[in-house]
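To keep things clear, I will list the structure first and then write my remarks on it.
Read-outs: derived from the displayed coordinates by stated rules, not from any lab. All figures in this text were calculated on a predicted structure; none of them were measured in a lab. Cβ sites come from the backbone with ideal geometry, for glycine too, and all protein chains shown count toward neighbours.
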Amino acid sequence: MEELKKFILSYRIPVIFILLAVCLYCFLYTIGIVNNIPDSNNLLQWDSGWYKSVSDLGYQFKPDQQSNTAFFPLFPYIWKLTHLGIGKMSLFNYCIYIFSIGLINYYFKLSKQAVVFCMTLPSLFFMITPYTEALFFLFGVLISIGYFRQKYWLLFLGIFLSCLTRSASNLFLPALIFAELVTGIYRKSAREIMINIIKVILPVILAIAIVNIIQHYQTGVWFAYSKTLKYWNIVFGMPNYPFKTWGGYKLLWLDAPAFFISVMAAVLVFMMAYKVIVKHRPVTYNPLTVFVFSTLALYVPWVLFYKYGDCFSINRYIYCSPFLVIIAGLYFRMGKATIFFRNFSIIAVIAFSALFITRFGDYGYYSTFPYLVALALYLYLTLKMREKQIRTSYFWAYACLNLVIQLYMFNAFMHSVWVG
């Protein structure tokens, strides 16, 4: 009975967030800042149209142009089986997301600041669209709980379903192998490590095989997913410089920090590998933490070598991930910042500023400078959020600022504006 009470209370902040979001959107609509009411016509934008085509028509491979075989089957098949319209499917996705955020809050005992921070990130509006973000979030939560509670069946299920949902889950394969190697090399025998690696990569291989079989059955083409990627400009090659993103400098403030989070994760992963290989010392992180950072780090080579330095869509891959929630939980759980942490934060902001204002997109200094200033203020507010002595009014003001940006982006999405 006590555990049930705790489980219900873990949804307290998500429910408050929903009420706040609805009231705020109505207010913004009344004063004219947003001018769209979500419906079946304006929610079907960008990738959701491709998912709808898989749901309605099945897979179709066109050898000389973009095909819907670039999208994985679980979400469109659920859409097909439920017979839900566009609006109801979007609402269904949002219910999945709310359930997932409460679940991760319950198992990982997140702080109030961590939950609000993650729920109000600008890109989280994708959770109420007919995209795969909500399903992928749920399955990522299952992976996290499975690792955390050492429940292999839950870990297997989460990995398997994630890899049926989104092609980016292929990044799980090297991340899982790295996590098992780094955390087990000085604690387990070679046989135990090998068995663990086989156990975690099995659901990835099984899911990829099923996707290929389904697509071959419907199109008559083996490896249709791989063959259509070049028409989506996802092919291995050397990165172009300067980096860029769709939407120009107006989306730099969103995609550049997401890429930078991946870079910082990659630095941490490199430090783990250096400690194990060069220093011959075991890492102190558990497999879940190593896997989370490794997954986020792998978006760096993905952007550099498969998208030629084009960071479009990376904001929703990073901000809409349950793995960022895990990191946020660790961040907000930390006590008073040490001198090292403060210095590290300063160095990170300076390094990002240099990357941002010099050659991250050849958009011109006058265009990017206002965004840099706004982003610096936002980062400052975010760093202040972790301080326990901040007043409740300040906390909710920060949340409302984030939420206004999120709702504004949702409105832009419904106007067919590219936002990730």
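Observations, loosely collected:
- Two-site label geometry, L401 and F305: point separation in nm, points 7 Å out along Cα→Cβ: 3.9 nm
- Among H280, H415, H216, a tally of other beta-carbon atoms within 10 Å of each Cβ gives an order, fewest to most, of H280, H415, H216.
- FRET efficiency, I8 to R281 (Cβ-Cβ, R0 41 Å, nearest 0.05): 0.40
- The Kirkwood radius of the range 34-132, taken over pairs of alpha-carbon atoms, gives through the Stokes-Einstein law at 25 °C and 0.890 mPa s a diffusion coefficient of 162 µm² s⁻¹.
- Note on F99 and L206: the extension gain reaches 35.8 nm, defined as 0.36 nm multiplied by sequence separation minus the Cα-Cα distance.
- Of the trypsin sites (Lys or Arg not before Pro) found in the range 146-198, those that fall in a DSSP loop while having at most 12 other beta-carbon atoms within 10 Å are R187.
- Net length available on complete extension from D64 to Y186 is 38.9 nm, with 0.36 nm assigned per residue and the Cα-Cα distance removed.
- Sorting C95, C311 from the fewest to the most surrounding beta carbons within 10 angstrom yields C95, C311.
- Ascending count of other beta-carbon atoms within 10 Å, so fewest first, for K52, K109: K109, K52
- Förster radius 30 Å - calculated FRET efficiency between K112 and I33, Cβ distance, rounded to 0.05: 0.65
- The range 159-204-the range 244-296 distance, computed between alpha-carbon centres (Å): 18 Å
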